[in-house]
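Student: Structure incoming, see below.
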Amino acid sequence: MPTLKTILHAALVSLVLAGGTAWANTVLVWGDSLSAGYGLQIQQAWPSLLEKRIADTKLPHKVVNASISGETTSGGRSRLPAALQAHKPAVVVIELGANDGLRGLPPKLMAANLQAMIDASRQAGAKVLLVGMRMPPNYGPDYTSSFENAFKDLARSNKIRLVPFMMEGFADKRQLFQQDGIHPVADAQPIILDTIWRELAPLLRR
């Protein structure tokens, strides 16, 4: 007669072969329209491409994309505790701040909201990847500098990984943006994924 240990082992093996759910860790993407896939089919957005890459590399993670178009750091801060409780993520990718900048909100306020989300994520046992953004030069050198540096300062003080600029490598290529000049097209999504993957992959492989 098989022992209890043998039966449990067989059950775990069956779950792994059925899809690996027994070992799944959640990557929570916490962003705005740039991660929600505004103007795209859902499978074209970079979080969907991330899910496919994770599967292709056979890492034991799943992706939950809880991004909302128009979200600010204030809104993200208020919604995050419930999401952390519901999904219990191993990693939280915080991609917020662009809408704060477009509205000209104070970078110090944005930084305070981001810090609160970093703290909440860590207290929930999750690692954090912060995704930075830059503002167009027409916002003035003082504002654009303060805005960009807010992400760098947060990453440094919290000793977390940072993607300095989500649109690195294509921000000056008009053909890779939709008509609004703000949201990247489908062809830009693999570039975004590669940029984020460089900082995210080490968190998944630890």
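Student: Could you grab the pairs with beta carbons closer than 8 Å, sequence gap of 6+ or different chains, first residue in the stretch 145-161 and modelled with pLDDT of 95 or more, second one hydroxyl-bearing (S, T, Y)?
Tutor: F147/Y139
Student: While we're looking at this one, here's another question. How many residues does the stretch 107-148 contain that are surrounded by 15 or more Cβ atoms within 10 Å (Cβ to Cβ), closer than 18 Å to Q85 by Cα and of a type in the set (G, A, S)?
Tutor: 5
Student: Can you tell me which residue within the stretch 42-98, out of those that are of a type in the set (D, E) and closer than 13 Å to L200 by Cβ, is farthest from the chain's Cα centre (by Cα)?
Tutor: Looking at the filtered set, the residue picked out is E51.
Student: Considering the stretch 55-106 alone, what residues qualify as being over 18 Å from F147 (Cβ atoms), among the hydrophobic types (A, V, I, L, M, F, W, C) and either touching a His at 6+ places or on another chain (Cβ under 8 Å) or open to solvent by less than 30 Å² (accessible area, probe 1.4 Å) (or both)?
Tutor: Of everything in the stretch 55-106, those that are over 18 Å from F147 (Cβ atoms), among the hydrophobic types (A, V, I, L, M, F, W, C) and either touching a His at 6+ places or on another chain (Cβ under 8 Å) or open to solvent by less than 30 Å² (accessible area, probe 1.4 Å) (or both) turn out to be V63, V64, A66, L80, A83, L84, A90, V91, V92, V93.
Student: Same structure again: Looking for something part of a loop (DSSP other than H, G, I, E, B) and in contact with a Gly (Cβ under 7 Å, 6 or more places away or on another chain) - is there at least one such residue anywhere in the stretch 58-70?
Tutor: Looking for residues that are part of a loop (DSSP other than H, G, I, E, B) and in contact with a Gly (Cβ under 7 Å, 6 or more places away or on another chain), one finds at least one in the stretch 58-70, hence yes.
Student: Which residues, counting only those in the stretch 126-148, are outside any helix (DSSP H, G or I) and of a type in the set (D, E, K, R)?
Tutor: Answer for the stretch 126-148, where residues must be outside any helix (DSSP H, G or I) and of a type in the set (D, E, K, R): K127, R134.
The values are calculated or read from the model by the stated rules, or taken from the named source; none is laboratory data. Model, not experiment: these values are computed from the prediction. When we count neighbours, we look across all protein chains shown, and the Cβ atoms used for this are built from the backbone with ideal geometry, even at glycine. SASA here: full protein model, heavy atoms, side chains in, ligands and nucleic acids out. Shrake-Rupley method; radii C 1.70, N 1.55, O 1.52, S 1.80 Å.
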